[in-house]
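The values are calculated or read from the model by the stated rules, or taken from the named source; none is laboratory data. Here the structure is a predicted model, which means the values were calculated and not measured. Using ideal geometry, Cβ is built from the backbone for each residue, glycine included, and neighbour counts are taken over all protein chains shown. The protein model used for the area step is the full one, side chains on, heavy atoms only, and it has no ligands, DNA or RNA in it. Shrake-Rupley method; radii C 1.70, N 1.55, O 1.52, S 1.80 Å.
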Amino acid sequence: MRRRNGVPLGAPGSLRNMFHRALGATSFAGFWRYWNPIFGYVLARYVHAPLQRFVPTPVSVVITFAVCGALHDLVTAAVRGSAAFLFTPWFVFLGIGVVIGSALSLDLRALPWLGRATVHLAYLGTCLAAAIALRRFAGLP
């Protein structure tokens, strides 16, 4: 936690640092390095790293995001009592964004913090809109 957010887990300012560093990251991959560092570490260690032994890195990135989305969908289904199937496609689109951003060497360093935050929020929103459109296209509620 300290390495990612600059403060120990549960310390005052931890959540604020996570948001500030994630939204101010210089790439989509950088955004995810700062976002929810504990969950990100678990996914990197137990999903992404093992997958990399069998598939190319871009594929393992997208699959890791799909697993993350599926876990979010499972929690949502447990709370709601019915499946939502929103997070899995949303996170697949987010993973594809990371792969494309890395392939294109996306670098937001020249933008001020607010510009980088705007790009990241647009990335999240666009991927969410695509997931919602996919759900509607598939006829899901």
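May I ask you to derive the FRET efficiency for residue 16 and residue 49 from their Cβ-Cβ distance with R0 = 30 Å, giving the value to the nearest 0.05?
With a Förster radius of 30 Å, E is 0.50.
For the chain, set up a GNM with springs between Cα atoms under 10 Å and report which of 13, 30, 40 has the largest fluctuation.
Per the Cα network of the chain with a 10 Å cutoff, 13 tops the list.
If the elastic network links every pair of Cα atoms under 10 Å, which of 112, 58, 12 fluctuates the most in the Gaussian network model of the chain?
12
Using the Cα atoms of the chain, I'd like the radius of gyration and the largest Cα-Cα distance, Dmax, both in angstrom.
Expressed in Å, the Cα Rg and Dmax of the chain come to 15.7, 46.
Looking at the chain, which longest stretch skips every one of the trypsin sites (Lys or Arg not before Pro) that is in a DSSP loop with at most 11 other Cβ atoms within 10 Å, leaving the sites themselves out?
Free of exposed loop sites, the longest segment is 54-108.
Computing the accessible area with a 1.4 Å probe over protein heavy atoms, can you report the carbon and sulfur percentage for the chain?
70
Relative contact order for the chain using alpha-carbon pairs under 8 Å, separation at least 6, rounded to a whole percent?
25
Given a 1.4 angstrom probe, what's the average accessible area per residue across the chain, in square angstrom?
For the chain, the solvent-accessible area averages 60 Å² per residue.
Helix check for the chain. Which DSSP H runs span at least 18 Å along their own axis by Cα, with a mean Kyte-Doolittle hydropathy no less than 1.6?
Counting only whole DSSP H runs, the qualifying helices are 87-103.
Assign unit charges at the C-beta atoms only (+1 for Lys and Arg, -1 for Asp and Glu), then state the dipole size of region 3-141 relative to its Cα centre in Debye, rounded to the nearest 20.
The calculation lands at about 240 debye.
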